[in-house]
Structures are given as C-alpha cells and as structure tokens.
Amino acid sequence: MSCLGTHYRNEQPYAPIEFDFWKDDPASLIDRYQPAVVVCAAAVEYYDHDIPRESFTAAAERLVTACRDRRFIYVSSDAVFDGTMGQYPETARPTPVSEYGHRLAVFEKLVRSNCEEYCIVRPSYLYGFARGELDHRLARTRDKVQAGETVEYFTDMFKSPIVVTEAAAAISALIEESVTGIVHCGGPRTSVYEFHCEALAGLGFSTDTIVPTRIPDGMDVPRDSSLKTTRLLQTTGIRPTTVREALKQNLSE
C-alpha cells in the first residue's frame, strides 16, 4: 500500500503535501488523490496560539465529511477519560476533563456519526525516538538527570505507555486487517514515576535523581487513565515491549 502524507509547517519526504487542518478544505485533497484510507493524527490545538473550540469543531467536521466514504483511522488519546477508574475498556464512555480531552471526544463523536468504516485508536503516553529525536517528555527528564538536577514524578498517577514505533506498527496492522470500532493502544499500567525510571535506565542513565512523590491534595489531574488493551493483541498480535527494553532497542537501531 502506497502512502502520501501532509504537513503543516515542516515538509518531509513522506509528507510533501502542505495542508492546514484549521483552514484548508480537505475535500479538494480527497478529490485529487482519491485515497482508500485516511489516517488523521492532527493536533487538536495550535501550539503557538489558542483556537476556539467552535473553530476546531468546524475543521474536524469538514474533514470527516470529506472522508465519509473512505476508511477513516482517527488517532485519539486516553485524554478522553477523567482518570477516576483506570484500566478503561474500549466500551467506556468518554469523560474528558481538559480542553484537550474535550476536543478529542468531539472529534471521536464526529467520526462515529459520519464515517461508516472507521477505526478510532487511543494511544496512552507515546514515547521514544522520531526522526532521531527523543520525545519532549523524556528529553526533559534526560537533560535534568544529565545536569544532576532532581526531578519528581508521581507514584500514584498511572498510564499505559507505548513506544511510538510500536504504536505506528499497530496502526498499520489495523489498516491492513480492516479493523473497525475503537482500539486502545498501550502497554501495561505503569506509574509516571516508574515510567521515567525505566526509560532513563533504558537510555543508559542513572535514576538516582528521579524522586518519587505523590499527587498533592486538591490537585485536579487524571490519576489513572490506563487502558485495557486486550483488543490490540487480538486484532494485531502486538504485545507492547517494556519501556526499558523498547528504548534499548531504539538506541541499538
């Protein structure tokens, strides 16, 4: 299957087509290239300025309407959940608490309402190397550890981390197998503290300055947005690698 990607600012060999999700008409791209499958992993917010939720909804609606007769893969996130339950199955009702989560939930609803053949993929805590660069979350921890600085992470906040290369492989497999519905894409339930310790160990750094702490009383954050990922294994055969081993493999490659 041949692939053709779009970019917003930085053209890449695999993404030569300039497209602004917020302003451009996707119907013209669909008419021109006639894709059988559309994969959307667009950010739901600009990184440099705010966009009203109404503008986001209009842009998302334009896209799903243009793609309603195509197979549509939407990459969402565990941020659609409030983190009060943990180990969320695909059947759990979205309960977003952040603006980011609300926008994801709106996009998901539009996909379900407009696209007959869709697959919503919900990753949790993506990490690893992309185009030779470590993700921002781990790069921050690495830089502080290298500088000898102390960095604190919560032992009572839980995610389901998955390395970006395995998430990409999972999405490819879901496309090839024509899987529909919702698929959660993540690894085992892991505390944020454990995640950073395992990641830095996998990268070959000491974890002595990574300090465990607990979520302060009154701090309103999703405490456990971990995901049940049984369907991922059933549909793709992918069993996510541990954080430490995944990063060791990234370095060796």
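The values are calculated or read from the model by the stated rules, or taken from the named source; none is laboratory data. Just so you know, these numbers come straight off a predicted model, no measurement behind them. Every residue, glycine among them, receives a Cβ derived from its backbone with ideal geometry; neighbour counts consider all protein chains shown. With ligands, DNA and RNA removed, areas are computed over all heavy atoms of the protein, side chains included. Shrake-Rupley method; radii C 1.70, N 1.55, O 1.52, S 1.80 Å.
Summed over the stretch 118-133, the residues that are out of contact with any Asp or Glu (no Cβ under 9 Å at 6 or more places or on another chain) and either modelled with pLDDT under 95 or not in a strand (DSSP E or B) (or both) give a count of 4.
Evaluated against (1) touching a residue at least 24 places away in the same chain (Cβ under 8 Å); (2) loosely packed, with under 13 Cβ neighbours inside 10 Å, Asp208 falls short on exactly one condition, (1).
Checked against (1) over 22 Å from Ser172 (Cα atoms); (2) in contact (Cβ under 8 Å) with a residue 24 or more places away in the chain, Ser77 meets all criteria but (1). Being touching a Ser or Thr at 6+ places or on another chain (Cβ under 6 Å) and farther than 23 Å from Val80 by Cβ is a property that holds for Val145.
Cβ separations smaller than 9 Å between residues 6+ apart or across chains give the following pairs from the stretch 1-26 residues that are modelled with pLDDT under 80 to residues that are β-branched (Val, Ile, Thr): Met1/Val37; Met1/Ile175. Annotation note: Cβ proximity below 8 Å between a residue of the stretch 103-121 that is more than 21 Å from Thr236 (Cα to Cα) and aliphatic (A, V, I, L, M) and a residue that is part of a helix (DSSP H, G or I) and open to solvent by 30 Å² or more (accessible area, probe 1.4 Å) (sequence gap 6+ or interchain) occurs for Val106/Arg53; Val106/Thr57; Leu110/Thr57; Leu110/Glu61. Part of a loop (DSSP other than H, G, I, E, B) and surrounded by fewer than 19 Cβ atoms within 10 Å (Cβ to Cβ): is that true of Asp20 in this structure? Answer is yes for this residue.
Restricting attention to the stretch 27-50, the residues that are open to solvent by 90 Å² or more (accessible area, probe 1.4 Å), at pLDDT 90 or above and part of a loop (DSSP other than H, G, I, E, B) add up to 1.
Set side by side, the residues Arg93, Arg131, Arg70, Arg140 differ, and just one is open to solvent by 20 Å² or more (accessible area, probe 1.4 Å), touching a Cys at 6+ places or on another chain (Cβ under 9 Å) and of a type outside the set (A, V, I, L, M, F, W, C), which is Arg70. Answer yes or no: is there a residue in the stretch 171-184 that is assigned to a loop (DSSP other than H, G, I, E, B), under 30 Å from Cys115 (Cβ atoms), aliphatic (A, V, I, L, M) and in contact with a helix residue (DSSP H, G or I) (Cβ under 7 Å, 6 or more places away or on another chain). Yes - at least one qualifying residue is present in the stretch 171-184. Entry remark, the stretch 220-249: residues being open to solvent by less than 30 Å² (accessible area, probe 1.4 Å), in a helix (DSSP H, G or I) and in contact with a Gly (Cβ under 6 Å, 6 or more places away or on another chain) number 1 in total. Restricting attention to the stretch 150-189, the residues that are open to solvent by less than 50 Å² (accessible area, probe 1.4 Å), closer than 19 Å to Arg231 by Cβ and not aliphatic (A, V, I, L, M) add up to 9.
Considering only the stretch 74-117, how many residues are out of contact with any Leu (no Cβ under 7 Å at 6 or more places or on another chain) and not in a loop (DSSP other than H, G, I, E, B)? Qualifying residue count, the stretch 74-117: 18.
Answer yes or no: is there a residue in the stretch 135-155 that is free of Cβ contacts under 8 Å to residues at least 40 places away in the same chain, part of a strand (DSSP E or B) and within 23 Å of Val221 (Cβ to Cβ). No, the conditions are met nowhere in the stretch 135-155. The number of residues in the stretch 73-109 being more than 21 Å from Arg231 (Cα to Cα) and of a type in the set (Phe, Trp, Tyr) comes to 2.
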